[in-house]
Amino acid sequence: MTMDSLGGPQRHVRRYVVEYLKKEAARKLDVLEPEFIPPEFMSIQCPQQDNHYDCGVFCLHSIYNFYKYKTKMWDSIFTTKSTVAVEEFVENQKKELLTFRRFLYTLIENKAKEYSQFKRSTTS
């Protein structure tokens, strides 16, 4: 499954994943290339970012929502062939992204403060 907030089929990434899996199957399982069964790929719609620096936020938020709506998502995946139609989830994600960004910022800020306090207490 792929969720790409920049859009596009990302065929080159799929090729790299298949090549990696072939090598791992050969190395760890002794599965030679003629016996290797390549994985099926499917794209899941997700909100599209309008810049090239928010991919981490979009990625984490998409994964969060995938688990939040897991039953609906899996039902949709198993009833659709290649592209999962999840427009309602995409709309919800767009609305929630700003709040999610703030949540991540606060979480990171708090962890940084905790670490700073920990470092001060262990060096004293």
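All of the numbers you see were taken from the coordinates with simple rules; none came from a lab. The structure presented is a predicted model; accordingly, all values stated were derived computationally and were not measured. Because the Cβ atoms are built from the backbone with ideal geometry, glycine has one as well, and the counts that use them run over all protein chains shown.
Key figures for this structure:
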{"item": "Neighbour-count order for ASP4, ASP54, fewest beta carbons within 10 angstrom listed first", "result": "ASP54, ASP4"}
{"item": "Fewest-first sequence of THR123, THR106 by Cβ atoms within 10 Å of each Cβ", "result": "THR123, THR106"}
{"item": "Total formal charge among the other residues, if their Cβ is under 12 angstrom from that of THR2, Lys/Arg +1 and Asp/Glu -1", "result": "0"}
{"item": "Proximal lysines to LYS70, defined as alpha-carbon separation beneath 28 angstrom and excluding residues fewer than eight positions away on the same chain", "result": "LYS81, LYS94, LYS95"}
{"item": "Angle in degrees between helix 70-79 and the longest Cα principal axis of the chain, rounded to the nearest 10", "result": "20 degrees"}
{"item": "Sorted by Cβ neighbour density within 10 Å, fewest at the top, the residues SER121, SER62", "result": "SER121, SER62"}
{"item": "Per-residue [θ]222 nm for the chain (sum of -39500 (n - 2.57) over DSSP H runs n ≥ 4, rounded to 500)", "result": "-22000 deg cm²/dmol"}
{"item": "Residue among LEU107, THR123, CYS55 farthest towards the positive dipole end of segment 11-123, charges placed on Cβ", "result": "THR123"}
{"item": "The chain - convex hull of alpha carbons, volume per residue in Å³", "result": "179 Å³"}
{"item": "Cα-centre dipole for the chain with unit charges at Cβ (Lys and Arg positive, Asp and Glu negative), debye to 20", "result": "500 debye"}
{"item": "Additional length obtainable on full extension of the chain from ILE108 to LEU6, 0.36 nm per residue less Cα span", "result": "34.3 nm"}
